[in-house]
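Below is one structure, written out as structure tokens, with a few remarks after it.
The values are calculated or read from the model by the stated rules, or taken from the named source; none is laboratory data. These numbers were taken from a predicted model, which means no experiment stands behind them. With ideal geometry, Cβ positions are generated from the backbone for all residues, glycine too; neighbour counts draw on all protein chains shown.
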DNA sequence: ATAAACCTGAGAGTTAGCTCTAAGTCAAGA
DNA sequence: TCTTGACTTAGAGCTAACTCTCAGGTTTAT
């Protein structure tokens with residue numbers, strides 16, 4: 001069962017333009033061609049695209065993804081490199097999640113800040129608010145922010 | 001206490017070039033100027049930069065950040081808009097975290113895959129591996145991936 | 001007073017990752 | 001056979017977010 005680039009594009013939900021761009025960048029060395037030069041995608045190519053998508057989601061640049069694809073094409077001699085790469089990428093994503101969770105805390109604080117301001121009709125309410133009227137979790141974020149500020 | 005752009009750049013760890021770029025994009029309407037036109041940053045401007053940084057980390061484009069800064073400059077009449085914006089941004093970040101956690105699962109699977117291949121000396125080991133030799137958590141990811149694949 | 005270091009805005013250049021156009025080739029249905 | 005739509009490559013264009021260069025003005029320390 002073979003697919004043209006247009007059919008495969010629908011399957012993986014990536015435009016044919018983008019698939020050709022990936023091919024040009026060397027991300028799809030596994031794709032077969034017909035005699036007349038037309039790309040023939042297979043079902044198993046779907047798995048390759050899943051790996052590519054996964055690495056893209058980690059923020060890895062296309063050049064580095066190409067390096068990794070080339071390692072796979074090279075065979076078992078590159079297993080160590082591939083393992084190292086995934087370990088590093090795993091750590092990178094763990095850091096990204098931690099970073100986003102910090103950002104989320106600040107956003108939660110800001111939501112509370114504007115909920116309170118909305119109820120009072122003015123942001124000025126935050127000049128007179130008492131510490132004990134601030135919810136526990138919000139107060140912690142507020143104090144963390146102050147600390148960062150005073151570091152500089 | 002006023003800072004020149006160079007001094008402030010060090011404080012917030014952003015290059016003077018980038019700060020001028022932000023100013024040009026309208027992100028720093030609160031920065032005062034000396035008679036001769038030189039920017040005079042204040043301690044409290046640090047907080048503005050913290051908000052800008054926070055929104056940038058959520059992936060918000062500079063134009064949208066400018067809209068938000070303009071709302072703050074407009075005063076209390078824009079509190080509702082600002083609250084809505086933060087609520088949406090909070091949801092967006094929660095989705096990003098969920099997405100990264102899925103990606104992390106796949107990376108963990110790949111780490112296990114290559115650890116196993118490394119021990120065996122070949123990726124071919126995965127053609128003959130028994131289900132019961134796959135750790136519980138890894139097996140779950142593997143099955144989830146299969147399901148996604150068969151959807152198409 | 002003068003050199004060094006820093007400031008200014010305008011605008012050019014860079015990078016990544018698409019996204020599209022053009023000119024031509026190929027394949028399937030009426 | 002002919003039309004229509006999808007395929008091909010090369011290469012141009014686009015957007016975001018910087019990043020840097022330039023020519024000129026300002027500040028500060030000797």
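A few notes on this one:
- When B:101, B:96 are checked against the criterion of being within 16 Å of DNA strand D (Cβ to nearest atom), modelled with pLDDT of 95 or more, at the interface with another protein chain (Cβ under 9 Å from one of its Cβ atoms) and touching a helix residue (DSSP H, G or I) at 6+ places or on another chain (Cβ under 9 Å), B:96 stands alone in meeting it.
- Scan of segment B:14-59 for residues that are exposed (fewer than 14 other Cβ atoms within 10 Å of the Cβ), within 11 Å of DNA strand D (Cβ to nearest atom) and within 14 Å of chain A (Cβ to nearest Cβ), ordered by number: B:59
- Looking only at segment A:1-13, and only at residues there that are more than 14 Å from chain B (Cβ to nearest Cβ) and exposed (fewer than 15 other Cβ atoms within 10 Å of the Cβ), the one that is farthest from DNA strand D (Cβ to nearest atom): A:2
- Restricting attention to segment B:94-140, the residues being more than 20 Å from residue A:77 (Cβ to Cβ) and part of a helix (DSSP H, G or I) number 26.
- Tally, over segment A:141-152, of residues that are outside any helix (DSSP H, G or I) and modelled with pLDDT of 90 or more: 0
- Each residue in segment B:126-141 was checked for being in contact with a helix residue (DSSP H, G or I) (Cβ under 8 Å, 6 or more places away or on another chain) and surrounded by fewer than 16 Cβ atoms within 10 Å (Cβ to Cβ), and 6 of them qualify.
- Residues in segment A:104-119 that are farther than 21 Å from residue B:52 by Cα and either at the interface with another protein chain (Cβ under 9 Å from one of its Cβ atoms) or modelled with pLDDT under 95 (or both): A:118 only.
- Residue list for segment B:79-108, restricted to those being crowded, with 17+ Cβ neighbours inside 10 Å and more than 30 Å from residue B:134 (Cβ to Cβ): B:79, B:82, B:83, B:85, B:86, B:89, B:90, B:93
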